[in-house]
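A short worksheet on the structure shown next.
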């Protein structure tokens, strides 16, 4: 079908499920056609949006934005909210329902829906804002649905996430063969297209797939990711880009393998593209210090996940210090091995060892195989709870954060001690605070509870909070200061800039002076 013909398959009040991971796998051209139909006719409207990761790039008229006009959606349920500008603002303004669930749980819910299961039982989300004893993932007063229920089995608490029934699954891939079988050889990640397609079909819905080409030959059955028996409409878009930044990058698919020594240069190239797109900040030595201290935790032959921002810098920081430790990096999208792509291309990886579905990747995390997670933090309270998902009225979303913080054996939060104008001088193997940041990160209360210290303590997780001037450790009594940087005054530079007084270790150590260069 043409884009316009396929857009007619979507009706008012439908539940739409997008299987994209950010800009990866998003059928941008088809979304624009649906938005154009609404602009002309006022339909389709009052729909429900299901999404695993955010379907935007913080830019007007790109990705989901043409489909996000007021009236198109009455409800959004997903793992990451902030890159979808209009959807996020409508939720903030209480103009539509909004629910934030862990990215991994959305993935597993869609897989459960594909086999007509009522939902998913999991400990993921307990004691965070996802827990119905807090908000149950609801983001505003308008959001009254009970998507998550607290249950007890054999004396243990679980959360029950109810399945969805999508009317239309909207997917993107590379090619369709004469039988409609779908292959994904040019996609940077596999995602959950099969699960989304099956979830729609078993619930009486439709499946629309945008591809870059039609093939005249039957596909190799080993390459087929979505069988033609599940597909209702195929739209062809020869000009679709692999990611927001790349028309096609063969190092994301394994078609071309970069020499290991060239991977750093490729990451730098991608960072430059992010900066040009206005979606990446320049990182300075302040951030390098934090990454270097975090990198000291790396051990050989461990499975590691890196969050966006400073955590992305950890492997390069280790290399700076001559600690090239053999580790295997993973990405929530479903990728094992290689070097994760930074910024807007998050979800892809250079020289990946394996591409899994997102649901399978989350199985690996939830099963406890992940050794280390390096993540950011916006707020930390006296108990050690962390907020990354909401800042004042600004809704961000937890993404894969809850799955990672509640399953990894060790969690390292990497972030500057304060925010908003923080300036430091790093010289002579020490650090001096030149200008303090305007916003405290160690706060008496959190805007939202994204990571539970109590949950971490219950499972015996090792947790450190790494900043440029000190390091805290999570204990049963709360945060404990265990390291201080050379040049830092305990009272003036640390305690005076916290809303509470943490424990201070009797044997308070000095951070390694070699970090400060």
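Give the percent of DSSP beta bridges with both residues in the chain that are antiparallel, rounded to the nearest 5.
Counting only bridges with both partners in the chain, antiparallel ones make up about 45 percent.
Grab the Cα-Cα distance for residue 299 and residue 241, subtract it from 0.36 nm times how many residues apart they are, and report the gain in nm with one decimal.
Details: separation 58, 0.36 × 58 = 20.88 nm, distance 3.72 nm.
Difference between extended and current length: 17.2 nm.
In which sequence would 243, 339, 15 go, from the one with the fewest C-beta neighbours within 10 Å to the one with the most? Don't skip to the end; give the middle numbers.
Numbers: 243 27, 339 23, 15 19.
In order of increasing Cβ crowding within 10 Å: 15, 339, 243.
Quick one: which of 179-191, 483-495 comes out on top by average Cβ neighbours within 10 Å, and what's the full order, highest first? Working shown, then result.
Numbers: 179-191: 22.4, 483-495: 17.3.
The most tightly packed comes first, giving 179-191, 483-495.
In percent, how large is the relative contact order of the chain, given Cα pairs closer than 8 Å and 6 or more residues apart?
Working: 1266 pairs, mean separation 64.8, N = 517.
Normalised by residue count, the contact order of the chain is 13 percent.
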The chain: angle of helix 28-41 to the longest principal axis, Cα-based, in degrees nearest 10: 60
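So what's the back-of-envelope 222 nm ellipticity for the chain, counting only DSSP H runs of four-plus at -39500 (n - 2.57) apiece and dividing by all residues, rounded to 500? If you can, show how the numbers build up before the last one.
On the way: 11 runs with 101 residues, N = 517.
Result for the chain, helices only: -5500 deg cm²/dmol.
How do 460-466, 71-77, 324-330 rank on mean C-beta neighbours within 10 Å, highest first? All intermediate terms of the calculation are to be shown ahead of the outcome.
Details: 460-466: 18.9, 71-77: 21.4, 324-330: 16.3.
The peptides rank, most packed first, as 71-77, 460-466, 324-330.
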For the chain, find the longest principal axis of its Cα atoms and tell me its angle to the long axis of helix 193-202, 0 to 90°, nearest 10. 50
Stretched out fully, how many nm does the piece from residue 360 to residue 59 gain, at 0.36 nm a residue minus the Cα gap? 105.3 nm
Applying the gyration tensor rule to the Cα atoms of segment 1-126 (axes a ≥ b ≥ c; rounded if a/c under 1.5, else prolate if a/b exceeds b/c, else oblate), the class is prolate
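Grab the beta carbon distance between residue 501 and residue 419, set R0 = 22 Å, and tell me the FRET efficiency rounded to 0.05. Don't skip to the end; give the middle numbers.
Numbers: r = 21 Å, r/R0 = 0.94.
For R0 = 22 Å, the calculated efficiency reads 0.60.
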Can you give the FRET efficiency for residue 134 and residue 156, using 1/(1 + (r/R0)^6), R0 = 22 Å, r = Cβ-Cβ distance, to the nearest 0.05? 0.70
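What number, in percent, do you get for the relative contact order of segment 401-467 if the mean sequence gap of Cα pairs under 8 Å and at least 6 apart is divided by its residue count? Display every interim value, and only then the final one.
Working: 80 pairs, mean separation 30.4, N = 67.
With pairs under 8 Å counted, the relative contact order is 45 percent.
Using the count of nearby Cβ atoms within 10 Å as a rough guide to exposure, how do 323, 45 rank from fewest to most? Show your work: numbers first, answer last.
On the way: 323 13, 45 17.
Least crowded to most crowded, the residues run 323, 45.
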Everything considered on the Cα gyration tensor (a ≥ b ≥ c; rounded for a/c under 1.5, else prolate if a/b is larger than b/c, else oblate), segment 55-151 must be described as prolate
Modelled label-to-label distance, residue 517 and residue 93, 7 Å Cα→beta-carbon offset: nm? 5.3
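Sorting 467, 174 on the 10 Å Cβ count, fewest up front, what's the list?
Working: 467 25, 174 21.
The most exposed by this proxy come first: 174, 467.
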Any idea what the relative contact order of segment 3-236 is, in percent, if you count C-alpha pairs under 8 Å spaced at least 6 apart? 19
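Laboratory data are not the source of any read-out in this text; all were calculated from the coordinates shown. Keep in mind it's a predicted model, so treat the numbers as computed, not measured. Please note: Cβ atoms are built from the backbone with ideal geometry, for glycine as well, and neighbour counts cover all protein chains shown.
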